1. Using θ = phi - 60° and the Karplus curve 6.51 cos²θ - 1.76 cosθ + 1.60, what whole-Hz ³J(HN,Hα) does each residue of the stretch B:238-246 get, with Gly and Pro shown as x?
2. Using only alpha carbon pairs under 8 Å that are at least six residues apart, calculate the relative contact order of chain B and give it in whole percent.
3. Evaluate 2.2 N^0.38 Å with N set to the residue count of the stretch B:150-229, then give the Cα radius of gyration divided by it.
4. Percent relative contact order of the stretch B:12-69, based on C-alpha pairs within less than 8 angstrom and at least six residues apart?
5. Taking the radius of gyration and the Kirkwood hydrodynamic radius from Cα positions alone, what is the Rg/Rh ratio for chain B, to two decimal places?
6. Need one word for the stretch B:195-244: rounded, prolate or oblate. Basis is the Cα gyration tensor (sqrt eigenvalues a ≥ b ≥ c); a/c below 1.5 gives rounded, then a/b vs b/c decides.
7. Out of every Cα-Cα pair in the stretch B:1-40, what percent are more than 11 Å apart?
8. According to the square roots a ≥ b ≥ c of the eigenvalues of the Cα gyration tensor, what is the shape class of the stretch B:67-176, taking rounded for a/c under 1.5, prolate for a/b larger than b/c otherwise, and oblate for the remainder?
Amino acid sequence: MAVAVTSRLSRLLGRSRPQLGRPMSSAAESGEGSARMWKMLTFFVALPGVGVCMLNVYLKSQKEHERPEFVAYPHLRIRTKPFPWGDGNHTLFHNSHVNPLPTGYEDE
Amino acid sequence: MTHQTHPYHMVNPSPWPLTGALSAFLLTSGLIMWFHFYLTLLLTAGLLASMATMFQWWRDVVRESTYQGHHTPPVQKGLRYGMILFIISEVFFFAGFFWAFYHSSLAPTPQTGGHWPPTGILPLDPMEVPLLNTAVLLASGVTITWTHHSLMEANQKESTQALAMTIALGIYFTLLQMSEYSETPFTISDGIYGSTFFMATGFHGLHVIIGTTFLTMCYIRQQLHHFTPNHHFGFEAAAWYWHFVDVVWLFLYISIYWWGS
């Protein structure tokens, strides 16, 4: 059974091999010219896509959002052990406007 | 007989594997000293030793290949296997963090509210900066492919331009993530959500920085004309690594940012 499967598989691989004779070809171009395709994709698809997403972020950031009220949940702001920097009570990217300490927002 | 009659590379004795192992020991014990005793001497020594090892080891690889010609086709084939195996090991590394995320998010505990995201966690909008980050990395995948094809067509000017754009996009991603990290309302100490989020995205960010550094080294070597249209494995290895980093991000985006929100 296993022998029949493996021989069928190797025949499948053997049949597909002749089509792999052009290592430099992409779907439409061969050798010369494939760089040009990727250059076109860069400037007409990839970078405009980034631009659209940048615009989207900019527009969404215009809206001012309220920060949530502080509730001292026991499963958040865990302090099993002090952090090995500063006063040991602030995370590495601490932002006092949006990150409350276990006792609440620092600026309230 | 002073020349070899085989195509393999019999590498000369080198101290860098030893210094690498010693630096790994210093790094690990250094992290313990820092986390548990707030002392940073060992860690600093470990960082310096590992940086020095990497610089000197890879400088020697460039010398042996570009300047001494030891990288024959069979040698290059071995290097290809090596890079592929390394990337596979990295896939398993990230698999662990994804396992942790799915373990916790598929069966949320009552202690965190019985749902995901947990009570009190305000997840990031996947359609804002995370989507931009996705576009940036996908675009960098296109520019690096443009770089490769330009390299194979011996177009120095365009391969330089495309590689510079790839590196710029990588740096842009890193800057965007650093800004996101400073603006998120949740932190690493916010329970299992915070832990899984920052461990997974944090290690990904570290790999983006590593990939960007690798690409920058390729840029420098490109300027020094180390690559030929047919032989540029250093660049290919960097490109494979970069695509890997991109794929990990796609998994992160879909699992943690999108499904997990």
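1. With the stated coefficients, the stretch B:238-246 comes to 5, 5, 4, 4, 5, 4, 4, 4, 5 Hz.
2. Working: 225 pairs, mean separation 50.1, N = 261.
This gives 19 percent for chain B.
3. On the way: Rg = 17.2 Å, N = 80, 2.2 N^0.38 = 11.6 Å.
Compared with the compact-globule rule of thumb, the stretch B:150-229 sits at 1.48.
4. 35 percent
5. Radius of gyration relative to Kirkwood radius: 1.03.
6. Since a/c reaches 1.5 and a/b is larger than b/c, the shape of the stretch B:195-244 is classed as prolate.
7. Details: 564 of 780 pairs.
Roughly 72 percent, once rounded to a whole number.
8. Working: a/c = 4.60, a/b = 1.76, b/c = 2.61.
It is oblate, given that a/c is not under 1.5 and a/b is not larger than b/c.
Quick note: the coordinates plus some simple rules give every number you see, no bench work behind them. Fair warning: this is a prediction, and the values are worked out from it, not measured in the lab. With ideal geometry, Cβ positions are generated from the backbone for all residues, glycine too; neighbour counts draw on all protein chains shown.
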